[in-house]
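Chemist: Here it is, the structure in full.
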């Protein structure tokens, strides 16, 4: 006999587990307090199941204590530049090289510091560390005397507050930027200690080049058996299916493609079971598609993508129209100049709907650049120095010719 109560409880538990997994994938660092408190409590409740799943399928360790939950997530593709750290706030501007360096210097200073620190004191430590000969040899120099440098440090501090490393006690970053005040922070040392997701500490790496250093700190266990090699392939494929908008077959090694061909149903079903993502399998590859909000597990309001399409507003409309245009292009790659000319035509056609700034002469370069950035991040195009190459997944935005079909039971001529 069926047990309605048991079935309801199982379904409720499954939905909560999916919500917890989605919360971790969206924010790999969750705090017990603040806006993430509900998600943190879910993750803590299902920590054992989540830890087992991530360990078996991705190799990402999950650490949960009374204050935070940290999924030590490393990307499936180390060379993907399309998902940068971003400024906290409405602009969401991507971090520049200088901000990344400031972030690393600030973390190093906080690691050596006390339980509280003032922003001015942190700035002094950053300036001292920036005087290192090896860093100076790269051409980067910090005095934090200029306003733009102080703005960069304020952006770094706001990101650290968002991550939970710092908690503002008094003051305001804007006052520091203008030179009229300072800010005092509590340093959450346990959150700081768990921030780095690396297999090996950077101070232990002797490789010189950036790519070599990155590969070394994320290197997995030596693969000396078939079982370990297959496990490493499973890790890489699952990470990419979770991380990347599209997993193209032509980007895989022969060994990875052979494993995916055999285990595709298993890999995708495991991801769907945990996250609610739905596998879209095509001849060229696989995309794990996030359902619309009303179909997400437990009614989860947050999605699992940091780049959405389509999106409202002028830039979103430009991106969608360029995607449609590129999907219909025949004859191979196109130049950015040609796409800019297309955007100028679109600006005239949609003048009544686009923002005034988008209709100004010369605005097409910025509009085209932002649209291509989004299409590249979504795996829909490949952008080189001279060309834009459409990828197969872009075909989903192609618009076909309308087909008129007669209404069942109608006596009218279908050609009318």
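Every number here is computed from the coordinates shown, using simple stated rules; none is lab data. Since this is a predicted model, take the numbers as computed values, not measurements. Cβ sites come from the backbone with ideal geometry, for glycine too, and all protein chains shown count toward neighbours.
Chemist: In a Debye calculation with equal point scatterers on the alpha-carbon sites of segment 314-397 and no solvent, what is log10 I(q)/I(0) at q = 0.14, 0.15 Å⁻¹?
Modeler: Per q value, in the given order, log10 I(q)/I(0) is -0.42, -0.48.
Chemist: As a test of the definition: which semi-axes, in Å, follow for segment 79-217 when you take the square root of five times each eigenvalue of its alpha carbon gyration tensor? Largest first, please.
Modeler: Each semi-axis is √(5λ); the values are 24, 17, 16 Å.
Chemist: If you count, for each residue, the other Cβ atoms within 10 Å and average over each peptide, how do 187-198, 207-218 line up from highest to lowest?
Modeler: Top to bottom by mean Cβ count within 10 Å: 187-198, 207-218.
Chemist: Let me ask something else about it. What is the ratio of the Cα radius of gyration of the chain to 2.2 N^0.38 Å, where N is its residue count, to two decimals?
Modeler: The reported ratio for this selection is 1.14.
Chemist: Quick one: give the max-minus-min coordinate of the C-alpha atoms of segment 4-71 along each principal axis, largest first, in Å.
Modeler: 36, 30, 19
Chemist: Another one. Apply the a/c threshold of 1.5 to the C-alpha gyration tensor of segment 226-299 and tell me whether it is rounded, prolate or oblate.
Modeler: Taking the square roots of the gyration eigenvalues as a ≥ b ≥ c, segment 226-299 is prolate.
Chemist: Next question, about the same structure. How do 147-158, 352-363, 96-107 rank on mean C-beta neighbours within 10 Å, highest first?
Modeler: Descending mean neighbour count gives 147-158, 96-107, 352-363.
Chemist: Run the helix sum for the chain: -39,500 (n - 2.57) per DSSP H stretch of 4+ residues, divided by residue count, reported at 222 nm to the nearest 500 deg cm²/dmol.
Modeler: It lands at -15000 deg cm²/dmol.
Chemist: Ranked by Cβ crowding within 10 angstrom, fewest neighbours first, how are 46, 176 ordered?
Modeler: Fewest to most other Cβ atoms nearby, the residues stand as 46, 176.
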